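Let me begin by presenting the structure, written as structure tokens, before commenting on it.
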Amino acid sequence: MTPPVRRLAGALHRRPRLRLAALISAPMAWLALAYLGALVVLLVSAFWTTNEFTSNIDYLWNTDNFRTVLTDPLYRNVALRTLGIAAAVTLIDAVIAFPMAFYMARVARPRSRRLLLVAVLTPLWAGYLVKAYAWWVMLSHGGVIDWIAAPFGGGSPGFGIPAVVIVLSYLWLPYMILPLYTAFEQLPDSLLAASGDLGARPWRTFVGVVLPLVKPAVIAGSIFTFSLSLGDYLTVQIVGGTTQMLGNVIASNVTLNLPLAAAVSCVPVLIIVGYLLAVRRTGALDNL
Amino acid sequence: MTDSPPPSTGASAAGPPVPSAVALSGVTKAFGAVRAVDGIDLEIRAGEFFSMLGPSGSGKTTVLRMIAGFEEPTGGRVLLGGTDVTRLAPFDRDVNTVFQDYALFPHLSVRQNVEYGLKVKRVPRAERTRRAAEALAAVRLEDFAARRPAELSGGQRQRVALARALVNRPSVLLLDEPLGALDLKLRLEMQIELKQIQREAGITFVFVTHDQDEALTMSDRIAVFNAGRIEQVGTPAEVYEHPATEFVAGFVGTSNLLQGDAAAQVFGEPGLYSVRPEKIRITHPDDPAGPDECSAPGTIVEVVYAGALTRFVVDLEAGGRLVALRQNVEESSTDVARHRGSTVLLAWQRRHTVRLSARPGNTTPNDNPQ
Ligand SMILES: Nc1ncnc2c1ncn2[C@@H]1O[C@H](COP(=O)(O)OP(=O)(O)OP(=O)(O)O)[C@@H](O)[C@H]1O
Ligand SMILES: [Mg+2]
């Protein structure tokens, strides 16, 4: 080591903050440029207009796009529908993941626990389109779902909102199961024993001890399922029939009317920010 | 060791008319092929400070968990206050537990932790608040009521766990090595505090420890566990002065065993004998032993200075080795070191010799030649 290097090392050692700054400045710069930069460009471009005749962008500062998004019932309906679908997907995933994660972490023997974990994780490696089209095949007229449901007098829901909810719930389920599984696994046995010891019956222990302790995990999982559903635009194209979600409104406008697409895409961003703020108030993010 | 049994504890008198706080009869617990607890009979009297002492893996925790109801015995019966509770769930038993890791609820404040049991039992809010405040005062944690467990020190957490259990006024309190995680000084303080709280509350304490000093200083009676069985039950003095088995002699206090030829030469009869080191007097080889004394000549091979005491390790001429303790009334470490290599005579009162049965499970405390 040459003396200047050594001096630098010494200086850095004595100033932990400087050391930290030097260490994270490169990734921070990348984050600022690539991530926040893109967001800023998005926001700025939402204030431009597209010339209706030439389809060129007029760099004139105005708020027409936002006015359109907020007043046109088409966009309001799409936004509400998207919100409803994302909420339904999150709820369904939470309801399915809760007992599954509990079983995996607390009931299953170590061997079957590993198998179940692999079973939950494997679909994550399969391509998104492959899974979506697999569902398209299953849901289509005369498909597997029809065939299974026929003896019970039912049939495939066809292509529409229910199909979108089903497929999105399937796609994002692992993102709900994994944090819940970890939370259940880390739940100390002695806390459950202590609750019973103090006179609590199992249901009371569940409500008073288990639920509060796994709540942060449910919220972490819901951030995934909710925001992933909110931004989805492929599933709805494949199994949604004529259903429109914010994602495909944006996607179809990107080439036609970029400023309007930018204005529309501010909606899910705002919804997510609002959701995160609401979640933060519950204190669930403190341990993340 | 002082010989001070509490009012409720006669030496080993016939059963009192009041039912035992806890009674185990023939209790066995097998985990697959492992017999963690192997046919235990035990009676714990009401108001008693009862310790279960034994090495790691001897089954103490398992017995405690069967009393609390977390574990169901594979054989035998558990009675609380004369009622058979063998098949009852923990929430239906009038006992509370202080867990080894405290098991405080991390999402609740200290006060809410203490109130938990009362809330579950639907005690009205006003009474709940009052009793929780009392319990916190009893463990001197009034000022910490609003904190979360994560914001407390180990000793404070331990006291919260104690308050959380005591506030329910159980008939029996089970404590699984509650002081295990504390440093020595705090441990000694908590020993005194626990004992005081137990005396004031009048609650039966069943206290698990693997620390023999802790068991000897705190308990009214001690059960010594070994490999899933009880080797001896008795007052601290009985267990210490008259260990029933080789195991008890070795586990409680320093083991000073003589057997085979050496025992035959020293005691005139072969067998297995034990003498506590502090009973042994070290004298000049030419000094005669008293009429009521046993004696054995030997050579000091090791001198260990330990502040208040010095430990002399003596190899006997008859074979075998004894350890003798002496208070350092006048001598310092430099003085005692020069005794190494001297020839001495060890002497002790005949009644302090304890004859042991080599086989475990045989609990006859007074099997010593007097
Ligand atoms: N759930 C279990 N499954 C299998 N074996 C167990 C189980 N619990 C305890 N054991 C075994 O039972 C024996 C007694 O265990 P126990 O926990 O009662 O010991 P202990 O006296 O409390 O020891 P320590 O002082 O280390 O806490 C041990 O050999 C242990 O391995
Ligand atoms: Mg134990």
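The values are calculated or read from the model by the stated rules, or taken from the named source; none is laboratory data. Please read all numbers here as calculations on a predicted model, not as lab measurements. When we count neighbours, we look across all protein chains shown, and the Cβ atoms used for this are built from the backbone with ideal geometry, even at glycine.
All conditions but one from (1) free of Cβ contacts under 8 Å to residues at least 24 places away in the same chain; (2) assigned to a helix (DSSP H, G or I); (3) surrounded by 12 or more Cβ atoms within 10 Å (Cβ to Cβ) apply to A:Leu36; the one that does not is (3).
Applying the criterion of being of a type in the set (Gly, Ala, Ser) and either away from ligand 2 (no atom under 12 Å from the Cβ) or touching a Leu at 6+ places or on another chain (Cβ under 9 Å) (or both) to the residues of the stretch B:59-100, the residue that is nearest to B:Thr204 (Cα to Cα) is B:Gly81. Scanning the stretch B:201-220 for residues that are under 21 Å from B:Gln100 (Cα atoms) and either assigned to a strand (DSSP E or B) or more than 16 Å from ligand 2 (Cβ to nearest atom) (or both) gives B:Ile203, B:Thr204, B:Phe205, B:Val206, B:Phe207, B:Val208, B:Thr209, B:Asp213, B:Leu216, B:Thr217, B:Met218, B:Ser219. Here A:Leu213, A:Leu191, A:Leu198, A:Leu187 are screened, and the one residue that is in contact with a Gly (Cβ under 6 Å, 6 or more places away or on another chain), at negative phi and within 14 Å of chain B (Cβ to nearest Cβ) is A:Leu198.
Residue-level analysis places A:Lys131 outside the set of residues that are within 14 Å of chain B (Cβ to nearest Cβ) and either touching a Phe, Trp or Tyr at 6+ places or on another chain (Cβ under 9 Å) or within 30 Å of B:Ala161 (Cβ to Cβ) (or both).
Residues are listed down the side, and each one gets a yes or a no for (1) within 30 Å of B:Gly76 (Cα to Cα); (2) surrounded by fewer than 20 Cβ atoms within 10 Å (Cβ to Cβ); (3) in contact with a strand residue (DSSP E or B) (Cβ under 6 Å, 6 or more places away or on another chain):
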residue	(1), (2), (3)
B:Ala150	no, yes, no
B:Gln156	no, yes, no
B:Leu184	no, yes, no
B:Glu189	no, yes, no
B:Lys195	no, yes, no
B:Glu200	no, yes, no
B:Ile203	yes, no, yes
B:His210	yes, yes, no
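Scanning the stretch B:81-100 for residues that are within 16 Å of ligand 1 (Cβ to nearest atom) and surrounded by fewer than 17 Cβ atoms within 10 Å (Cβ to Cβ) yields nothing.
Residues checked against (1) touching a strand residue (DSSP E or B) at 6+ places or on another chain (Cβ under 9 Å); (2) buried (at least 24 other Cβ atoms within 10 Å of the Cβ); (3) assigned to a helix (DSSP H, G or I); (4) among the charged types (D, E, K, R):
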{"site": "B:Met52", "(1), (2), (3), (4)": "yes, yes, no, no"}
{"site": "B:Glu71", "(1), (2), (3), (4)": "yes, no, no, yes"}
{"site": "B:Arg77", "(1), (2), (3), (4)": "yes, no, no, yes"}
{"site": "B:Arg111", "(1), (2), (3), (4)": "no, no, yes, yes"}
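In the condition set (1) out of contact with any Asp or Glu (no Cβ under 9 Å at 6 or more places or on another chain); (2) modelled with pLDDT under 90; (3) within 16 Å of ligand 1 (Cβ to nearest atom), B:Ala215 is compliant with all but (2). Within 16 Å of ligand 2 (Cβ to nearest atom), within 14 Å of another protein chain (Cβ to nearest Cβ) and either surrounded by 22 or more Cβ atoms within 10 Å (Cβ to Cβ) or basic (Lys, Arg) (or both), is that true of B:Leu162? Judged against the criteria, B:Leu162 is not a match. Within the stretch B:212-250, the set of residues being surrounded by fewer than 22 Cβ atoms within 10 Å (Cβ to Cβ) and aromatic (Phe, Trp, Tyr) comprises just one member, B:Tyr240. Considering the stretch B:53-79, and only residues there that are touching a Pro at 6+ places or on another chain (Cβ under 9 Å) and more than 16 Å from B:Pro178 (Cβ to Cβ), the residue that is nearest to the other protein chains (Cβ to nearest Cβ) turns out to be B:Phe70.
Checked against (1) within 22 Å of B:Lys60 (Cβ to Cβ); (2) touching a helix residue (DSSP H, G or I) at 6+ places or on another chain (Cβ under 7 Å); (3) of a type in the set (Gly, Ala, Ser), B:Gly154 passes all but a single condition, namely (2). Would you say B:Val239 is of a type in the set (Val, Ile, Thr) and not assigned by TED's automatic domain parsing to the domain that holds B:Leu322? Yes; evaluated as a whole, the condition is true for this residue. Is it fair to say B:Phe50 is within 15 Å of ligand 1 (Cβ to nearest atom) and in contact (Cβ under 8 Å) with a residue 24 or more places away in the chain? For B:Phe50, the condition - within 15 Å of ligand 1 (Cβ to nearest atom) and in contact (Cβ under 8 Å) with a residue 24 or more places away in the chain - is not met.
On the given criteria, is B:Glu177 within 14 Å of chain A (Cβ to nearest Cβ) and of a type outside the set (A, V, I, L, M)? Considered against the rule, which asks whether it is within 14 Å of chain A (Cβ to nearest Cβ) and of a type outside the set (A, V, I, L, M), B:Glu177 comes out as yes. Examine the stretch B:220-233 for a residue that is away from ligand 1 (no atom under 13 Å from the Cβ) and among the small types (Gly, Ala, Ser), and state whether such a residue exists. No; the residues of the stretch B:220-233 include none that is away from ligand 1 (no atom under 13 Å from the Cβ) and among the small types (Gly, Ala, Ser).
Name the residues in the stretch B:80-95 that are within 14 Å of another protein chain (Cβ to nearest Cβ) and over 20 Å from B:Gly39 (Cβ atoms), would you? Those that are within 14 Å of another protein chain (Cβ to nearest Cβ) and over 20 Å from B:Gly39 (Cβ atoms): B:Leu88, B:Ala89, B:Pro90, B:Phe91, B:Asp92, B:Arg93, B:Asp94, B:Val95. Can you find even one residue in the stretch B:117-130 that is facing chain A (nearest Cβ under 9 Å) and assigned to a loop (DSSP other than H, G, I, E, B)? Yes: one or more hits.
Touching a Phe, Trp or Tyr at 6+ places or on another chain (Cβ under 9 Å) and assigned to a helix (DSSP H, G or I): is that true of A:Ala79 in this structure? Here the answer is no, as A:Ala79 does not meet what is asked. Of the helices (runs of 4 or more DSSP H) that lie entirely inside the stretch A:203-258, those containing 2 or more residues that are touching a Leu at 6+ places or on another chain (Cβ under 9 Å), modelled with pLDDT of 90 or more and under 30 Å from A:Pro188 (Cα atoms) span A:211-231. Is there any pair linking a residue in the stretch B:174-197 that is polar (S, T, N, Q) to one that is within 16 Å of ligand 2 (Cβ to nearest atom), with Cβ under 9 Å and at least six apart or on different chains, and which? Close Cβ pairs (under 9 Å, with a partner that is within 16 Å of ligand 2 (Cβ to nearest atom)) amount to B:Gln191/B:Leu179; B:Gln191/B:Glu214. The set of residues from the stretch B:96-116 being of a type in the set (Val, Ile, Thr) and either more than 29 Å from the chain's Cα centre (by Cα) or more than 8 Å from chain A (Cβ to nearest Cβ) (or both) comprises B:Val98, B:Val110, B:Val114. Listed conditions (1) over 24 Å from the mean Cα position of the chain (by Cα); (2) away from chain A (no Cβ under 14 Å) are all met by B:Asn168, apart from (2). Look through the stretch B:14-29, keep the residues that are modelled with pLDDT of 80 or more and not aliphatic (A, V, I, L, M), and return whichever of them is surrounded by the fewest Cβ atoms within 10 Å (Cβ to Cβ). Filtering first and then ranking leaves B:Gly26.
When the stretch B:134-179 is filtered for residues that are assigned to a loop (DSSP other than H, G, I, E, B) and within 16 Å of ligand 1 (Cβ to nearest atom), the ones remaining, listed by number, are B:Glu177, B:Pro178, B:Leu179. Residue check: A:Pro216 meets all listed conditions (1) closer than 26 Å to A:Arg280 by Cβ; (2) surrounded by fewer than 20 Cβ atoms within 10 Å (Cβ to Cβ) but one, namely (2).
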